[in-house]
Amino acid sequence: MTRSTTPRPRAAADGPTQPDGSPWPVPPPGGYRLDDLLRLDLPARAELIDGSLVLPFPQQEFHAVTTDLLLYALREAAPGGLRARRQTAVVLSEHTAPVPDVIVVRTDGTGDDGDTDSTGGTDGAERRSYPADGVALAVEVVSPDSRERDRETKPFKYARARIPHYWRVEMSGPDNLPVVHTYVLDVLTFGYVPTGVHRDRLRVDVPFPVTVDLTEIERM
């Protein structure tokens, strides 16, 4: 049986053009797929949500520094069998592959191990995606352009994909410090249940014990 394929994006012959005069690409029938996300020449951190490509805005300093702070802390604290990764696509379906700011992946065969990844990634420096069942934690740092996605769309999809832990990080207060909202998956409803709101210091025991001085971003 021959598997049908979706036509690749094509450029519109007429209509609005990009600043350089080239036409905007026309999405394929049925929307973009994972292989389009991995194949097309897109900006770093481009995401695939329900068949639509979401292109990133330039990062604010708060977003970049907070991501670094959490990534390094998680890498330092992660036990054997878990690794922290930055801004790598998580494959939820053929038409949805968001890019969390930080993820923690398992190294038991569903996460980092093996020669190739059926979702299109490869091991080591060339790897570009992970399957959802290999992800233990997804972290999103909220930006002005991503508020609705990070607060509503992504946690719903992460929970449906059974990612057990989710952190949402917001900028708060006169000093613009990060506040971390932590959630755990309810296995009966496949929705997230809040487990804490962390200001100044993040201290949790799951998915593994880690403590982060959130005021450290003032010195980074």
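The values are calculated or read from the model by the stated rules, or taken from the named source; none is laboratory data. Quick caveat, the model's predicted, so the values are computed rather than measured. For neighbour counting, all protein chains shown are included, and Cβ atoms are generated from backbone atoms with ideal geometry for every residue, glycine included. Accessible surface areas use protein heavy atoms only, side chains included; no ligands, DNA or RNA. Shrake-Rupley method; radii C 1.70, N 1.55, O 1.52, S 1.80 Å.
Remarks
- Residue among P28, P100 that alone is modelled with pLDDT under 95 and open to solvent by less than 20 Å² (accessible area, probe 1.4 Å): P28
- Those residues of the stretch 51-106 which are part of a helix (DSSP H, G or I) and under 17 Å from V142 (Cβ atoms), in sequence order: E61, F62, H63, A64, V65, T66, T67, D68, L69, L70, L71
- Residues of the stretch 197-220 satisfying the condition of being in contact (Cβ under 8 Å) with a residue 24 or more places away in the chain, under 27 Å from A161 (Cβ atoms) and surrounded by fewer than 14 Cβ atoms within 10 Å (Cβ to Cβ): V206, P209
- Residues in the stretch 112-157 that are at pLDDT 95 or above, acidic (D, E) and in contact with a helix residue (DSSP H, G or I) (Cβ under 8 Å, 6 or more places away or on another chain): 1 in all.
- Restricting the stretch 168-179 to residues that are touching a strand residue (DSSP E or B) at 6+ places or on another chain (Cβ under 9 Å) and free of Cβ contacts under 8 Å to residues at least 60 places away in the same chain, the residue that is least open to solvent (accessible area, probe 1.4 Å): V179
Yes/no per residue for (1) touching a Gly at 6+ places or on another chain (Cβ under 9 Å); (2) under 21 Å from F57 (Cβ atoms); (3) open to solvent by less than 10 Å² (accessible area, probe 1.4 Å):
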| position | (1), (2), (3) |
| --- | --- |
| E126 | no, no, no |
| P131 | yes, no, no |
| L137 | no, no, yes |
| D145 | no, yes, no |
| R149 | no, yes, no |
| E152 | no, yes, no |
| I163 | no, no, yes |
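- Condition check for E47: at pLDDT 90 or above, out of contact with any Leu (no Cβ under 7 Å at 6 or more places or on another chain) and surrounded by fewer than 12 Cβ atoms within 10 Å (Cβ to Cβ): no
- Only a single criterion out of (1) open to solvent by less than 30 Å² (accessible area, probe 1.4 Å); (2) touching a Ser or Thr at 6+ places or on another chain (Cβ under 8 Å); (3) over 17 Å from D133 (Cβ atoms); (4) not basic (K, R) is not satisfied by P194, namely (1).
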